[in-house]
Amino acid sequence: MWEHRGKVAVVGLGHAPVYRGDDGTPERSLGALGIVSVQRALHDAGLTLQDVDGIAVAAHQFYEGAGRDEGKYEVTPNFLIHRLQSQGLRNVHWTDSGWQVGHAFILAAQAVATGLCRTALVVRATQNPAGVRYGHAGVNSRERVGGPAQFSVPYGFTGPAAAAMVLQRYLWKYRQPREKLATFAVHNRRQGLQYEHSIWAQRGEVLTEEQYLNARMVAAPLCLYDCELPVQTSGAFVVTSAARAKDLRQAPAFVLGQAQVWRRPRAQIPRLDDEEQSVAELARRLWDSAGVGPPDVDLVNVYDGYLLYPPIYTEQLGFCKPGEFLDFIRDGRIEPDGELPLNTAGGNNGAGRMNGVPLLYESVLQLQGRAGTRQVADCNLAVTTIGPHWLGQGMVLSSSPRP
Amino acid sequence: MARPIPAPDAGSQPYWDAADQRRLVAQRCVNCTRYQHPPQRICLICGSAELKFVPVSGKGRIYSYATINDTRVVSLIPLQPFPAVAVELDESPDLLLITNLVGAAAAQIAIGARVEVLFEELGDGRLLPQFKLSLGQP
């Protein structure tokens, strides 16, 4: 079990406005959105920058061809510290944790738990650059292509293609038709429409099963609605000790345990068996860290950048048998009032491409009783997983430090 | 614009040189004998830096596939939709090669189908490994 179980808590949440894309204006720059999300998170917690002595940012942005100016196209620790010093931030420990918010969260929670920091910010901003369709630039627009892309770009193998192949293998192995994903996509959209920080809620666009089944393919078997929509926004979390959390503005969401795996595929796509084993490994570590298991869980939020990911996460975490997810999700089982509430704000699929922020955000909101129409009754223990399977991060949070 | 042409680096040059001669090769670790693709500077299994490129038969089975309907590769947009396959080479399950599948109707593409390599001309004397179905073979 994690030696610091229950000693650290999430005490503040902050989110920038969600835009479909950058438009070149300063207000919509990724840096501005990052600052806004930080300011809102601290306000939510009832803290100020003077209280902050740790910053964990997932700073990496993937898009090809857009610039790397800090503050314009990236939110790095350097950018945040530089800007926030004028607003009261003093000395901080900091880290740049790649691109998934879970990595940043795990380090921040551990830093607070060990006393390296008293209060840490966790930040992830995601960009959709102006002037070019997401990803259609840089290495994907050149006559000659070097680096790792030399083995994929000549074949048109980009974006969701790898996930599509793993999903194809999953459907083949378990003899399931892709059409059953319609239930899940419709659920994600319906829940996302009730989530404040969703691009879909802004647009008020409902998704029906018929629309899903008639949708254009992106990389078959992944259709349009199996893929998260690129957006421009930022989310931030405030993490502090359980002792400090008592006196702050919101009900704390205590961290019971956390774990991650990093089993990078050696080939251009992971084998399905390896993906399942990666999550099984994550699950073992996570349940061991948190000292709980699937029967104790009130809420599941599993990564869904592509809808390949939730089936394997849910199955290997132990909530249903391998290959059964597409049947498990039927008959209202995963609704907020169902047997196992799952992705109750719709995840990335229901909110927009935010590299896991909606999942962790929703877990905290639910534990704090702030999930509005999505609220799960008696929601006291939530598991969140973020990232593709081979680099999965997992966190178990609870409304109680010792459930 | 035509299909993008691979720009080899020092590590991948032997792979592409062989392809230009219509030979498929794969990287194999001298120490632990495992294969890997794409080529790397070290063996990702045992860490050895002693690697060599060995000929492979160019035959395998479809491990999985996807139809590319919306590629990000700008010059290939006019060609879509087109199939992509992950081919497990006969030599080792470690070897999963991503290519397109040439000349196949969608209904013929199946996990487990036998395939064999061919080489597509890119211009400049450069060739690109591709796969096609080995019809009539079990």
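Assorted remarks:
- Length-normalised contact order for region A:228-328 - Cα pairs under 8 Å, 6+ apart - percent: 23 percent
- Set A:Lys180/B:Lys132; A:Lys173/B:Lys132; A:Lys180/A:Lys321 screened for pairs whose C-alpha atoms are more than 26 Å apart: A:Lys180/B:Lys132
- Selection from A:Pro252, A:Ala149, A:Tyr195, by position along the positive dipole direction of the protein assembly as shown (Cβ): A:Ala149
- Each residue, A:Thr208 and A:Glu324, gets one label point 7 Å from its Cα in the Cβ direction; the gap between the two is 3.3 nm.
- Cα gyration tensor shape of region A:166-276, rounded if a/c is under 1.5, else prolate or oblate by comparing a/b with b/c: oblate
- Count Lys and Arg as plus one, Asp and Glu as minus one, and take only other residues whose Cβ is under 14 Å from that of A:Asp44; the net charge is then +1.
- Cut-off 15 Å, label 7 Å out along Cα→Cβ of B:Gln40, residues of region A:260-289 by amide N: A:262-271
- Stretching the chain fully between B:Ala49 and B:Leu135 yields a gain of 27.0 nm (0.36 nm per residue, less the alpha carbon separation).
- Solution diffusion estimate, µm²/s, Stokes-Einstein, region B:40-128, Kirkwood Rh from C-alpha pairs, 10 °C, viscosity 1.306 mPa s: 106 µm²/s
- Rounded to 5, percent antiparallel among DSSP beta bridges of the protein assembly as shown: 80 percent
- Seen from all directions on average, region A:228-360 presents a Cα convex hull projection of 9.8 nm².
- Binning the alpha carbon pair distances of region A:223-305 at 10 angstrom intervals from zero yields the distribution 12, 29, 36, 19, 4, 0, expressed in whole percent.
- Placing a label point 7 Å from the Cα of A:Asp69 along the Cα-to-Cβ direction, the residues of region A:7-27 with a backbone N closer than 12 Å are A:24-27.
- Peptide B:12-23 is shielded by partner chain Cβ atoms: per residue, an average of 1 of them sit within 10 Å of its Cβ.
- Region B:69-107 and region B:1-53: distance between their alpha carbon centers, rounded to Å: 19 Å
- Of all lysines in the structure, the ones whose alpha carbon falls short of 21 Å from that of A:Lys7, not counting any fewer than 8 places away in one chain, are A:Lys246.
- Chain A: relative contact order in percent, alpha carbon pairs under 8 Å with at least 6 residues between: 23 percent
- At an R0 of 60 angstrom, the distance between the Cβ atoms of A:Arg90 and B:Arg61 translates into a FRET efficiency of 0.50.
- Using only side-chain charges placed at the Cβ, +1 for Lys and Arg and -1 for Asp and Glu, the dipole size of region B:45-138 relative to its Cα centre rounds to 160 debye.
- With the convex hull of its Cα atoms as the shape, the protein assembly as shown has an orientation-averaged projected area of 24.4 nm².
- Mean residue ellipticity, 222 nm, helices only, chain A: the sum of -39500 (n - 2.57) across DSSP H runs of n ≥ 4, divided by residue count and rounded to 500, is -9000 deg cm²/dmol.
- Net charge dipole, chain A: roughly 540 debye, given to the nearest 20, about the Cα centre with Cβ charges of +1 for Lys and Arg and -1 for Asp and Glu.
- Label-reachable residues, region A:276-299, where backbone N falls under 19 Å from a point 7 Å from A:Asp378's Cα toward its Cβ: A:292-299
- A simple spin-label model places pseudo-atoms 7 Å from Cα toward Cβ; at B:Thr33 and B:Ala7 they are separated by 3.9 nm.
No lab work stands behind these numbers, since they all come straight from the coordinates. These numbers were taken from a predicted model, which means no experiment stands behind them. Please note: Cβ atoms are built from the backbone with ideal geometry, for glycine as well, and neighbour counts cover all protein chains shown.
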